[in-house]
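Report on the structure given below.
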Amino acid sequence: MKIKFTLLGILATMGVVSAQTATTKPVGYHTETAKGNSFTLMGVNVGNAIAAAGEFDADDATDNDADFTALLDDGVSYTVQNINSGESASVNGNDATTLDTDLAVETGDAYEVRADVTVGSLLGAANEAGLGAGNSTTADVVWIPTGDGFSQIFYDDGVGFPPRPAGWRAIGAGGDDQAGTSVPFTAGIFIQRRAATDLDIVFVGHVRTEATSFGIGTGFNFLNRVLPVGVALDDTGLEGFIAKGNSGSGDLVWSPDGEGAYAQYYYTDGGGFPPQSAGWKAVGAGDADKGAETLGSGYAIQRKGDAGSVSVAIPSGLDL
């Protein structure tokens, strides 16, 4: 059974993303299709180049071999990833050898720092991606998950009263320029397409070659696959992080099916009634093995229990 994805109290019925992917090393691209008159879930699976990398010499994110004042630009938002743990966090500031960050690190941990992708760098300062422009009620909207909801960003065509320059705005934030709004690389985003036609959006950037950990809370979590290539459920390693069970008790992975709906997957250790073999299953598909199904570039985990974390593995043999 494949059903429309409804976010009660947050969003209306969702659309779907279809993706075509190609990569080169270490730069790649992928194309996502924002469906007409729909909400489309997608992940931005490429990012900016590494700005700084090395190993920490102390538990307070200090690298005595680095010169962060030379490597990191003032006024730019950065994210640091602990390669050993896969976790990431914002860089709040820095001096020459130490990052101000909430990221948990230990001496000897490898790290990478990258500038955050922003709305302007992702979609173009002048909306080169071609999203529908207009006002807050007529333009296409980019929904970016935040800690307590979504930022709703649109391209203002500057027509109307009071007049103002065209540019990226946020619903509820007046005329403030939002081109610099960060798009967290761990987050799946939605494109709310108000036009009837589909829109292909090409994302180009550098490929991450390390697994990434994602914090998830109870309820729906909208995530980025990170890998710019399709990966089968059997190769994701997600079964090591989600709650196993049946379609009612286990966590559900919601992945776009390319046809305007979402398939709901769960992982079972087997048994139950009626009995099932161990592995990935789909809601409504009985005991059919779904381990070969591809995880979408953006997907959701419906967490049934307490907060935790997940990580999508780098499949063995994948050349990034």
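The values are calculated or read from the model by the stated rules, or taken from the named source; none is laboratory data. Since this is a predicted model, take the numbers as computed values, not measurements. Please note: Cβ atoms are built from the backbone with ideal geometry, for glycine as well, and neighbour counts cover all protein chains shown.
Summary of computed values
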quantity	calculated
Search result, residues across the stretch 217-228 that are within 12 Å of Gly43 (Cβ to Cβ) and of a type in the set (Val, Ile, Thr)	Val226
The stretch 152-188, subset over 18 Å from Gly134 (Cβ atoms) and in contact with a helix residue (DSSP H, G or I) (Cβ under 9 Å, 6 or more places away or on another chain), residue surrounded by the fewest Cβ atoms within 10 Å (Cβ to Cβ)	Gly180
Lone unmet requirement of (1) under 19 Å from Ile201 (Cβ atoms); (2) out of contact with any strand residue (DSSP E or B) (no Cβ under 6 Å at 6 or more places or on another chain); (3) at pLDDT 95 or above for Pro184	(3)
Selection count where residues are closer than 18 Å to Ser90 by Cα and among the β-branched types (Val, Ile, Thr), scope the stretch 179-238	6
Some residue of the stretch 210-229 being buried (at least 16 other Cβ atoms within 10 Å of the Cβ) and more than 25 Å from Thr146 (Cα to Cα)	yes
Members of the stretch 48-85 found to be at positive phi and buried (at least 17 other Cβ atoms within 10 Å of the Cβ), listed by number	Ala61
Residue that is surrounded by the fewest Cβ atoms within 10 Å (Cβ to Cβ), among those in the stretch 91-129 that are without any contact (Cβ under 8 Å) to a residue 12 or more places away in the chain and farther than 16 Å from Tyr78 by Cβ	Glu128
2 or more residues modelled with pLDDT under 50: qualifying strands (runs of 3 or more DSSP E) within the stretch 1-65	19-23
Per-region count, the stretch 261-320, residues loosely packed, with under 13 Cβ neighbours inside 10 Å and touching a Gly at 6+ places or on another chain (Cβ under 6 Å)	3
Filter result for Gly93 (among the small types (Gly, Ala, Ser), assigned to a strand (DSSP E or B), under 16 Å from Asp63 (Cβ atoms) and more than 19 Å from the chain's Cα centre (by Cα))	yes
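For every residue, the table says whether it meets (1) among the hydroxyl-bearing types (Ser, Thr, Tyr); (2) touching a Ser or Thr at 6+ places or on another chain (Cβ under 9 Å); (3) farther than 23 Å from Ile153 by Cα.
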position	(1), (2), (3)
Ala70	no, no, yes
Thr79	yes, yes, no
Asn84	no, no, yes
Glu87	no, yes, yes
Gly93	no, yes, yes
Tyr111	yes, no, yes
Asp116	no, yes, no
Asn127	no, no, no
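Let's see how each residue does on (1) within 14 Å of Asp234 (Cβ to Cβ); (2) modelled with pLDDT under 95; (3) of a type in the set (A, V, I, L, M, F, W, C); (4) assigned by TED's automatic domain parsing to the domain that holds Val226:
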{"position": "Phe273", "(1), (2), (3), (4)": "no, yes, yes, yes"}
{"position": "Gly279", "(1), (2), (3), (4)": "yes, no, no, yes"}
{"position": "Gly286", "(1), (2), (3), (4)": "no, yes, no, yes"}
{"position": "Tyr299", "(1), (2), (3), (4)": "no, no, no, yes"}
{"position": "Ser311", "(1), (2), (3), (4)": "no, yes, no, yes"}
